[in-house]
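Below is one structure; the comments refer to it alone.
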Amino acid sequence: MILPTAYLPPRSYFEAMMREPATIEQMETFEKQTFRNRCTIMSKVESQKSKAIILTVPVKKVEHKQLTRDIEISYQSRWQHQHWISLVSAYQHTPYFRYFADYLQPFYEREYRWLLDLNDELNATIVSLLRKERPQIDEWRMANGERRTQDWSGQIWTDKHPWQTEVSILDTLFDERY
């Protein structure tokens, strides 16, 4: 199976990747404003009810029909700091954030030249975390009094956060037993 590169893609991307061996397409023409360099996370902060947050990895000027493998990340803004602060703000109160945050934080401290390298290494780390044994945290759920149900896509529904399409795998990783 051939998949495009993706920055913190949704659960469906990882389900496809883990179902059968996948090759990441490097020779495609880079499409702007796609999941190749952006993702959607859900704010778990009560004051920001149902707020979807879009995180975008800035890239250097893209020429017409530039290949994905040739896309360079821009560091003119402090995007890594902004992304990490957004992730902490959105997920710090979720059950598994403290177990997995240390694996992800280095991606927001190291500079990568190529978007493809960032995405490949980040997604490989997420796959290994998805396979990791998780501690039981039923006490956390009861203490926080959350009423939860799960839909077919694996996204968590609570009385605070309505369903959003294609949210990042982080929503699943930090907040769900799967």
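Only the coordinates and a few stated rules stand behind these numbers; no lab work does. If you're wondering where the values come from, they're calculated on a predicted model, not measured in any experiment. For neighbour counting, all protein chains shown are included, and Cβ atoms are generated from backbone atoms with ideal geometry for every residue, glycine included.
In terms of its C-alpha gyration tensor, the stretch 15-91 has an oblate overall shape, because the principal axis ratio a/c (a ≥ b ≥ c, square roots of the eigenvalues) is not below 1.5 and a/b does not outweigh b/c. For the stretch 1-92, the list of GluC sites (Glu not before Pro) that fall in a loop by DSSP and count at most 12 other C-beta atoms within 10 angstrom reads E31, E63.
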